[in-house]
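Structure, as structure tokens:
No value in this document is a laboratory result; all are computed from the given coordinates. Treat the numbers as computed from the prediction; the structure is a model and nothing was measured. Glycine gets a Cβ as well: all are built from the backbone with ideal geometry, and neighbour counts include every protein chain shown.
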Amino acid sequence: MPKRTIIAISVGLLFYFIIRYAAETVMQHIAPLGRVSYGVVASTFLGMLIELSPGFIAGWISGSRGLLAGFVVGLLGSGCYSAVAGTAAHYFQASEAQSLVMESWFFTMCIVVGFFSAAAGGSAQLLRSNKSFKADGSAAA
């Protein structure tokens, strides 16, 4: 893996941790207990920003491997943040019967966030390449 891709993944992961922690802190102040109206609007925007921007940044920095960098950032970022912040603990403290369901839910969510970030990373790669496309999908000369 090229050095630039590794740097892009590292920067993307760092940004993922920072923006997710900041968004959770902001949400605690915007939507205190009992108030949901403004919190729902803010959480929709912040959720989109959390899931897409780290992959976009990683894809922009990596250049030629934006999809890969975005996917790795989303996959590792969501899993590691959940493990570090303690939000993943309830997935693994389920009863014996629910254990497989909860663990598969956790890993599925990590993969889904990876796909979202991969799409953002691929978009950044396309924007950075500065190639125009025709309506039929082929690259213009």
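Some points to look at:
- Residues of the range 1-19 with amide N under 19 Å of the 7 Å Cα→Cβ point at residue 64: 1-10
- Zone residues, the range 52-82, relative to residue 126, backbone N less than 18 Å from point 7 Å out along Cα-to-Cβ: 52-71
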